[in-house]
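Just below is one structure, and these are the notes that go with it.
Every number here is computed from the coordinates shown, using simple stated rules; none is lab data. What you see is a predicted model, and the numbers here were worked out from it, not measured in a lab. All Cβ positions, even for glycine, are placed from backbone atoms using ideal geometry, and neighbour counts span all protein chains on display.
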Amino acid sequence: RNSLVWFRRDLRLDDHTALHHALRSSDRVYCAFVFDTDILAGLPRDDRRVQFIHASLQELDKRLREWGAYLIVRHGRAADEIVDLAAELEAESVFANHDYEPGAIARDREVQQRLREAGRSLQSFKDQVVFEKDEVLTLAGGPFSVFTPYKNAWLKRLAAHPEAIEAFETAPWAKSLAPAPAGHALPALEALGFVPHAAPIAPSGMSGALQLLDAFLQRIDDYRTARDFPALDSTSRLSVHLRFGTLSIRSLVRLLRERADNGKDGAATWLSELIWREFYMMILQRHPRVATQSFKAAFDKVRWEEGPEADAAFTAWCEGRTGYPLVDAAMAQLNESGFMHNRLRMVTASFLTKDLGISWLRGERYFAARLNDYELSSNNGGWQWAASTGCDAQPWFRIFNPVTQSKRFDPDGAFIRHWLPQLAGLEGPAIHAPWLAKPAVLERAGLVPGRDYPLPIVDHEQARERTLARFGALRE
Ligand code: FAD
């Protein structure tokens, strides 16, 4: 009996649910990945994520070869390629792990239907999360819409079901893998129509994930206190790896449970972040409308700014030209590296929606195009949190002051100086608000506001009043 394992966002060999089940139930197992033209069509030729996937697949193939096996890589419409490949390989079943995004659900439904018509099956498994949408419920049996009680119920469920994080081993059954044909090689990035990005996401693949994890474990005890300061390298940077599944979420929770059980603050706080990830995945599945609309329907009536002035402000925000150094440094980090620190995602999202009065949907789409770790559920949840339109969101009358945030979370301006070198010469608090700097400070820094760095495109206090009115109007 032949089977095909379809890798999607689970680019690893260890602790892999679909691969485990395929190996245990089949005589011959093929492994495949499809570069989906439906997804690739919308991406720039030097998209970092495609390069990351490509590099991670090289490692996957290399590891499979160590087992005498190989990875089949196709380029085309995923549903067509998988259905054709299953027929070519005479695979009775295609094994995959659940993907919860609305587009992926539709794709998988099509594959399942077409395989069934051909007398084959699609078998899909929970792998990307510890608990799915129906596993963590309120006492009344419904979904949570507030994080803390969800988290408590999640932890309680894990205590009752420790098997939820047991590893799905693969190595013991590796002999069921189909042997590599002579001359097997993966297509080059260029053959897919892409070119390497000048600043790739490093490190990639399973080994990259472990490298980041090892480094993070050295500093995890400081995570709770250090995680909000973007100048400190205090978070794990594992988001892109969790996005593409180069390491298993179960393996992380296994590791953390021990540490958090020992009452370690850092590990408990980090585990909480992993639970946020599942919380937003649950919200997206339970309420697919959030992809394009507010979680709280009343907020669909917010009248966001539109027209040429709003468009110009949006462009300035995208390009990091708002005149607020922390916001602009954060956008520079995103534009230049594809990453943005969590605190700054909150600050920039708040700035776009509350200071510029522009719809969160526009910002969300910009982040989606730029973030290496782009995940529809977390991005949407984060944006709706900042815009106050989401579940368990920031109350609309609590508005971040971008200068106060800057003083609090980048107190000596180290992050700003790194990403905005034109401001590096500014001494003291002037780094947070150059337009307020004394002439002598500006002179010493050789900086002319308005010439070398933009003047603020909006006055925060006035913007705050407009936002309070914009949201306040909904109550009438
Ligand atoms: P760590 O601090 O090391 O956290 C560990 C892991 O927990 C992360 O890798 C991530 O998987 C998860 N996590 C952490 N914080 C959150 C959170 N608030 N919500 C959900 N999961 C979380 N995260 C994404 O993975 N993809 C996105 O597209 C995304 N967009 C965001 C947009 C906005 C406006 C906001 C406010 C947050 C967004 N986040 C997103 C959440 C968070 O900012 C990133 O997960 C985090 O910055 C990634 O860095 P890290 O891996 O070093 O995180």
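Overall, segment 2-124 carries a charge dipole of about 140 debye about its Cα centre when +1 sits on the Cβ of Lys and Arg and -1 on the Cβ of Asp and Glu, all other atoms neutral. Using the alpha-carbon atoms, what tilt in degrees (0 to 90, nearest 10) does helix 360-370 show relative to the longest principal axis of the chain? For helix 360-370, the angle is close to 60 degrees.
Report the Cα centroid-to-centroid distance between segment 108-124 and segment 191-257 in angstrom, as an integer. With segment 108-124 and segment 191-257 each reduced to a Cα centre, they are spaced 34 Å. Electrostatic bookkeeping for Asn372 treats Lys and Arg as +1 and Asp and Glu as -1; over the other residues with beta carbon under 10 Å from its beta carbon, the sum is +3. Positive-end ranking of Asn335, Val403, Leu356 along the dipole of segment 297-471, with charges on Cβ about the Cα centre, is headed by Val403. Among rounded, prolate and oblate, which fits segment 29-162 when a ≥ b ≥ c are the square roots of the eigenvalues of its C-alpha gyration tensor, a/c under 1.5 means rounded, and a/b larger than b/c means prolate? The shape class here is prolate.
3J(HN,Hα) couplings calculated from phi for segment 185-197 with the Karplus curve 6.51 cos²θ - 1.76 cosθ + 1.60 (θ = phi - 60°) are, in sequence order, 8, 7, x, 6, 3, 4, 5, 8, x, 10, 10, x, 7 Hz; Gly and Pro show x. Can you classify segment 297-471 as rounded, prolate or oblate using the Cα gyration tensor, where a ≥ b ≥ c are the square roots of its eigenvalues, rounded means a/c under 1.5, and otherwise it's prolate if a/b beats b/c and oblate if not? Prolate, since a/c reaches 1.5 and a/b exceeds b/c. Proximity of backbone amide H atoms, modeled 1.01 Å from N, is registered between Ser93 and Leu4, Ser121 at under 5 Å, excluding neighbours fewer than 5 places apart on the same chain.
For Ser359, the residues whose modelled amide H falls within less than 5 Å of its own, excluding neighbours fewer than 5 places apart on the same chain, are Glu305. Taking 27 Å as the cut-off for C-alpha to C-alpha distance, list the pairs among Lys354/Lys407; Lys133/Lys175; Lys151/Lys407; Lys133/Lys156; Lys301/Lys354; Lys126/Lys175 that go past it. Pairs exceeding the cut-off: Lys133/Lys175; Lys151/Lys407. Centre-to-centre separation between the Cα atoms of segment 15-77 and those of segment 360-413: 32 Å.
Divide the volume of the convex hull around the Cα atoms of the chain by the residue count and you get 163 Å³ per residue. May I ask you to list the aspartates and glutamates whose Cα is less than 20 Å away from that of Lys438, ignoring any residue fewer than eight positions away on the same chain? Straight-distance partners of Lys438: Asp412, Glu427, Asp452, Asp459. Sites listed here are trypsin sites (Lys or Arg not before Pro) in segment 434-464 whose DSSP assignment is loop and whose Cβ has at most 14 other Cβ atoms within 10 Å: Arg451. Which net charge results for the neighbourhood of Ser388, defined as the other residues with beta-carbon distances under 10 angstrom from its beta-carbon, given Lys and Arg at +1 and Asp and Glu at -1? Around Ser388, the surrounding residues sum to +3. Extension gain, Glu169 to Arg286, is 39.1 nm, computed as 0.36 nm per intervening residue step minus the present C-alpha separation. With neighbour counts taken as other beta-carbon atoms within 10 Å, the residues Trp6, Trp173, Trp154 rank, fewest first, as Trp173, Trp154, Trp6.
Give the residues of segment 89-119 whose amide nitrogen is closer than 15 Å to a point set 7 Å from the Cα of Asn2 in the direction of its Cβ. Zone members listed by number: 89-95, 119.
In summary, segment 317-359 shows an alpha-carbon radius of gyration equal to 1.02 times the 2.2 N^0.38 Å reference for compact globular proteins.
Taking every alpha-carbon pair under 8 Å whose residues sit at least 6 apart, the chain reaches a relative contact order of 16 percent. Compared with the alpha-carbon gap, the fully stretched path from Arg444 to Arg365 is longer by 24.4 nm at 0.36 nm per residue. For segment 329-426, the Kirkwood hydrodynamic radius from C-alpha pairs, put into Stokes-Einstein at 10 °C and a viscosity of 1.306 mPa s, yields a diffusion coefficient of 114 µm² per second. Here the chain is treated with +1 on each Lys and Arg Cβ and -1 on each Asp and Glu Cβ, and its dipole about the Cα centre works out to around 720 debye.
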